[in-house]
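Everything below concerns the one structure shown next.
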Amino acid sequence: MNERYLITLTVNGDEHEVLVEGRYTLVDVLRHNLGLTGTHVGCEHGICGACTVLVDGAPVRACLIFAAQAEGYDIRTVESLAPQGQLNDLQRCFTAHHALQCGFCTPGFLMLAEGFLAGNPNPSREDVREVVSANLCRCTGYQTIVDAIAACAAGRREAAPATDTGSPPES
Ligand code: FES
Ligand code: FES
């Protein structure tokens, strides 16, 4: 019989105690044990990116790490973007720019983009093109995904308070 371990996962700000076998992947535990089915499973081999979540803010393929390895980290899934059922600005940009068709890849792209924009709020279009190349989409041709992420970045910059230069006033 496979041995089971009690682990504590912090997901979208909540702590969950979960009994897992050592072979369980993070994406399986998110979906099957915690019922967070927004994270999709495509290839299960680290290729497609459909399972992308944030681990301490960094995009990670949740099919490539064991659930036990995620203990002690802050995990965010696509459900965290709309906790009250209201789409966040990135999701609204995906809708406005028609950045999804079947939608299977979308949770992975959203989390990839969230992690990316947190570290690079002023990306060039080339930066965005490079980051989306990490994930696979069979429907959109990627251009609308790039448009959506670039529009979200621009909107966040406009909404940000003006930067204080810290310079003392001239006397
Ligand atoms: S399901 Fe994880 S990368 Fe494809
Ligand atoms: S919208 Fe269908 S795979 Fe991307």
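Just a few scattered comments:
- As a length-normalised measure over Cα pairs under 8 Å and 6 or more apart, the relative contact order of the chain settles at 21 percent.
- Result for the chain in a Gaussian network model with C-alpha springs under 10 Å: among Thr140, Thr77, Thr106, the largest mean-square fluctuation is at Thr140.
- Around Phe66: net Lys/Arg minus Asp/Glu count, Cβ-Cβ under 11 Å: -2
- The convex hull of the Cα atoms of region 4-81, projected and averaged over all directions, covers 4.4 nm².
- With coordinates expressed along the principal axes, the C-alpha atoms belonging to the chain extend over 75, 45, 28 Å, beginning with the largest.
- Helix-derived mean residue ellipticity, 222 nm - over the chain, DSSP H n ≥ 4, -39500 (n - 2.57), to 500: -8500 deg cm²/dmol
- Taking the inverse of the mean reciprocal distance over all distinct Cα pairs, the Kirkwood hydrodynamic radius of region 89-159 comes to 11.8 Å.
Throughout, read-outs are computed from the coordinates displayed, never taken from laboratory work. Please read all numbers here as calculations on a predicted model, not as lab measurements. Methodologically, a virtual Cβ is constructed for each residue, glycine included, from the backbone with ideal geometry; neighbour enumeration extends over all protein chains shown.
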